[in-house]
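Here the structure comes first, spelled out in structure tokens, and everything after it is commentary.
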Amino acid sequence: MTNNLTIIEENAIQSVPFEETIKDDVPDYLAREEVHEILSSVDKSKIKEFIFINFLWNTGTRITEAISVKKGNIDFNTKNIKVLWLKRRKLMTRTLPINDKFMYLLATYTGGMNKDELLFDFTRQRACQILNKYDKILNKHIHPHLFRHSFAVNYLKQTDDIVGLMKLLGHANIRNTMIYARIVNSDIREKLNKIEF
């Protein structure tokens, strides 16, 4: 004879895990350790490549935004970068705060540049080629937008500030940002499922 508790337990065991219900509609991203693995493998003579990958990781910018930044867009006093992008043929801007460590790298890198000079004088296609070289390190496709997702997840895991993330990413709607909250919630559940009670 089965009691109500047994039926509840059987239903719980047969239910679909939470992670499986969200995996199909969340973006792929790199863990902090994976980004550092890529950065540590960059040839030391390729400074521009190293700064470019760091830029994507530290700012969460879209690739078109990153390759449009000029030295004059950086305010070294306030430690901010002005980012520009087109949306429906309208030029949009947002200001991103930059952490001290990365700002020091940028100051060193841009030391000999004039204000109108692009930080990264290559095309979107060239940017993708640069990152594709690192596919073999992690055995996954490395592309510019992957760093945007990785920035978002890393920020949210450490701050739990979804509104701040929305502003940093330049999203007009919080729903676009909430996808990263679902990733973080999934990670928490995975950890919880490994704990024995």
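We did not get these values from a lab; they are worked out from the coordinates using the rules stated. Because the structure is predicted, anything quoted here is derived from the model rather than measured. A quick note on method: Cβ atoms are made from the backbone with ideal geometry, for glycine too, and the neighbour counts reach across all protein chains shown.
List of remarks:
- Here Trp57, Trp85 are placed in order of increasing Cβ neighbour count within 10 Å, fewest first, which gives Trp85, Trp57.
- In summary, the range 20-193 shows an alpha-carbon radius of gyration equal to 1.05 times the 2.2 N^0.38 Å reference for compact globular proteins.
- Share of Cα-Cα pairs in the range 89-188 lying beyond 18 Å, as whole percent: 64 percent
- Cα extents of the range 41-117 along the three principal axes, largest first (Å): 40, 27, 22
- Charged neighbours of Leu138, selected by a Cβ distance under 14 Å, balance to -1 (K, R count +1; D, E count -1).
- Legend: ranking of residues Tyr180, Tyr109 from fewest to most surrounding C-beta atoms inside 10 Å; resulting order Tyr109, Tyr180.
- Sorted by Cβ density within 10 Å, fewest first, the residues Met92, Met166: Met92, Met166
- Over 26 Å (Cα to Cα) - which of Lys71/Lys157; Lys48/Lys140; Lys48/Lys133; Lys46/Lys167; Lys101/Lys157; Lys79/Lys157 fall in this group: Lys71/Lys157; Lys46/Lys167
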